[in-house]
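Read the structure below first, then the notes.
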Amino acid sequence: MNDGATDGGGERPAPKGPLPEEKPQRVKPRIIAAPKIRQLYWCDFWRDSQLPEMWKTRPVVVVSYKNALHGPCLVVPTSTDPQDDNRWAYKLSSSVDGQASWAVCNQPSTIAPSRLSQVRGKIPLVSEADFNEILARLMAWLPKPFDLEK
């Protein structure tokens, strides 16, 4: 008998309709200053993620600027899984916490700074060269403006 929780293959069926809306809680940030562009943090991604969404705690690169400690922040997640088949991923020139990592530029996420924590008590910066490549791949992945004159 299938109770709808799983089909035995690890996949769950999609919800059948909208669930009652509940306002999420505001969580106090663990960091003490607003995240800044090029900074690298650990990010606690959503516990209710659905693949292929990013999940678990992983390093992220802050790509938005003029962030606030209690406002939204745009990040690009990283992965230690080789991304050789993903043209939108970029292998960082420096390791992250001792491991080779790829910035997955086709999965930008808007997060609350309360999801962020320091990397071993520090807030590293990615190099300007790495950051420029991350931005270039992110911008190439995004659609271009339509030419309304045509």
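The values are calculated or read from the model by the stated rules, or taken from the named source; none is laboratory data. Bear in mind that the values here come from a model prediction, so they are computed numbers and not experimental data. Glycine gets a Cβ as well: all are built from the backbone with ideal geometry, and neighbour counts include every protein chain shown. Just so you know, the surface numbers come from the protein's heavy atoms only, side chains and all, with ligands and any DNA or RNA stripped out. Shrake-Rupley method; radii C 1.70, N 1.55, O 1.52, S 1.80 Å.
Here are the numbers for this structure:
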| item | result |
| --- | --- |
| Residue-normalised accessible area of the chain, expressed per residue, 1.4 Å probe, Å² | 73 Å² |
| Distant-in-sequence amide H partners of Val119 (H built 1.01 Å from N, under 5 Å) | Trp42 |
| Region 53-95: trypsin sites (Lys or Arg not before Pro) in DSSP loop, at most 15 other beta carbons within 10 Å | Lys56, Lys66, Arg87 |
| Whole-percent carbon and sulfur share, accessible surface of the chain, 1.4 Å | 54 percent |
| Highest to lowest packing among 94-103, 120-129, scored as the average C-beta count within 10 Å | 94-103, 120-129 |
